[in-house]
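Engineer: Have a look at the structure that comes next, please.
The values are calculated or read from the model by the stated rules, or taken from the named source; none is laboratory data. Here the structure is a predicted model, which is why all the values come from computation and not from measurement. Quick reminder, even Gly has a Cβ in these numbers, built from the backbone with ideal geometry, and neighbours come from all protein chains shown.
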Amino acid sequence: MAAPQHHSLQSDDPPNGGGYGDDPSPRYGFFTDTSVCIGCKACEVACKEWNAIPEDGLEFSGNSYDNTGGLGAGTWRHVAFIEQRKPLGEQRSEAGAAVDLGLPEFARPGDDVEGERTEFRWLMSSDVCKHCTHAACLDVCPTGSLFRTEFGTVVVQEDICNGCGYCVSACPYGVIDQRKEDGRAWKCTLCYDRLGEGMEPACAKACPTDSIQFGVLDDLRERADERLAQLHDAGVDDARLYGRDPDDGVGGDGAFFLLLDEPEVYGLPPNPVVTTRDLPQMWKHAGAAAGAMLAGLGALFLGRQR
Ligand code: SF4
Ligand code: SF4
């Protein structure tokens, strides 16, 4: 993948170089194409290894092959496994019909069973912090621990986090989380240290199928549009992009996805909205109410003087 390079941008997107001078970096992000995820969890492991994230339990969850349960302070990439009794649709290989290699068993499991074959499909998806265009976690942080980097990503600095937890309730995706030991908040940094050295994030580097793609966000959006069109042409009508639209409730995500079903199926909110959206209005109303109260008290005071 391309190493970060600097050139000018013409965009009013807040994460695009704001505060980083006249020659800001383009905005970088992730495009996670879940249609090619094989559930190997190399991304989870690479993330843990590179970021030295402590072990946070490897228990049997009973939920397919998912043993991390969801994103959290100790899990910055989470691979979801969804088992569905659903027809496979008309997905087909670009190479055409499968070739009989003369292996001992060629039929698909269940093909030789009398009656209708029970269709089954497995959806796998590697979730991560969305590095939102309008990031509520960043808006509410009172210490400046959360900040927007020169690459347009959202990073939390654990050394100046005071553990107040405001960011946890502000995140519309339930991503950022506090460690039990000291209450400090943690989440994916999109490998800020690696980006600074011109390297791609550890999860994207480790992914064997390129389900996780890292790059300049505009390029990733174009690539995602092409992939979606390809899947629709192949009859995969349920395929959709999630977080790609810059006009959605968070202004689009820096980490967006190609999904094969409704977002709720993957545990993602269908219409996320930046939770600080109404704050300016609320302050305006509160200011107006305070002004009216002061005027009333003043009138009362003056009335008593007479
Ligand atoms: S997904 Fe949550 S933690 Fe990540 S940038 Fe958006 S608001 Fe912040
Ligand atoms: S490394 Fe790639 S293929 Fe493996 S689980 Fe993660 S996203 Fe899926």
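Engineer: Report, by residue number, each residue of segment 206-228 that is away from ligand 2 (no atom under 15 Å from the Cβ), of a type outside the set (Lys, Arg) and surrounded by fewer than 17 Cβ atoms within 10 Å (Cβ to Cβ).
Structural biologist: ASP218, ASP219, GLU222, ASP225, GLU226, listed by residue number.
Engineer: Here's a follow-up. Would you mention how many residues in segment 20-64 are more than 11 Å from ligand 2 (Cβ to nearest atom) and either of a type outside the set (Ser, Thr, Tyr) or without any contact (Cβ under 8 Å) to a residue 60 or more places away in the chain (or both)?
Structural biologist: 25
Engineer: Looking at GLU150, GLU181, which is the one that is more than 20 Å from CYS43 (Cβ to Cβ), of a type in the set (D, E, K, R), touching a Ser or Thr at 6+ places or on another chain (Cβ under 6 Å) and at pLDDT below 95?
Structural biologist: Matching residue, one of GLU150, GLU181: GLU150.
Engineer: Which of the following residues is assigned to a helix (DSSP H, G or I) and surrounded by 19 or more Cβ atoms within 10 Å (Cβ to Cβ): CYS203, CYS188?
Structural biologist: Matching residue, one of CYS203, CYS188: CYS203.
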